[in-house]
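Structure, as structure tokens:
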Amino acid sequence: MRFFWFLTQLTTSAFIISASNLFINIPAALSLFSKEVTQSQLFYFFSYLIDFCHYSILFSNLVISIQRAFVFFLRNWTNQFFESKAIYIWLASIYIFAFGVEYALMSSNCQYGYDKTSKNYQLVCEADNRGIMKTVATPAGIQFVETLLHIVIPLFILIIYIAITARIIYMKGNTLSKNETLILKQAIFVFLIFQASSCVFLFAQYFQITYVAAFLVKRFVNTMEILAGAATPSFFFFTSKEIRKLVSTRVSAASSLGPSNIQVRAARTLE
């Protein structure tokens, strides 16, 4: 069930992204908000909140892949590194790293936007020059963080899953836990469904696209995050025996207590 601890955190971030996109980005794209609203501090707060949740999802996928790697390669150390107390450290590290990335971008006043000159998405950093915001060169540290988020970490996760898949094929003749294999499939599904929008956005940063295509890219990214946020808990609920067993046990317990509670209340009423 440790895997579902990380899944809960990931699903929470996906829900916040979905809700923020639904109430902030989509109305802004449809020009339902005035220019003053889109430039307000509240709008920027939700924009940074979406980015923070997006980074937390990436780090969640990273931790999930590491936990799966321990299960298949370092089974004897799995409980030691992912026991109850250690899980809180892993969960906290996800938010700490996500906040660190967000703080680095906010402190340099960097945001992604479509550049009409280069005709692609770029990370634009601005500096306050006596009350006038001026575009400056992207700091080397921000460039390193950008490369780490968009290329290094997703590639590292993919390599882990490829290595695990190769090990499963190698161990095909041995007895494998169907539950562990199912959880691995679920972890890969989560990684791919959330990485799909990131790949499209990464493509839009390195290749020239029209303004209409840029609008479609942004809508695709937002829509995929909303769909991923809705599909992920549904997928795990219907495919996880642990969750279904837990829910059915709770429902059965509540149902069995129902008549007895009614009888107790009735007896108290007679008294």
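Coordinate-derived values only; no laboratory data. Predicted model, so just to flag it, every value in this text is computed and none were measured. Here the Cβ is made from the backbone with ideal geometry for all residues, glycine too, and neighbour counts use every protein chain on show.
Here are a few things to note about the model shown:
- A straight Cα-to-Cα reach below 28 Å connects Lys178 with the lysines Lys85, Lys241, Lys245, residues fewer than 8 places away in its own chain not being considered.
- Most to least packed among 117-125, 204-212, 179-187 [average Cβ atoms within 10 Å]: 179-187, 117-125, 204-212
- Site pair Lys35 and Leu158 shows an inter-label distance of 4.1 nm when each label is modelled 7 Å from Cα along Cα→Cβ.
- Charge tally in the Cβ shell below 14 Å around Ala104, where Lys, Arg are +1 and Asp, Glu are -1, Ala104 excluded: -3
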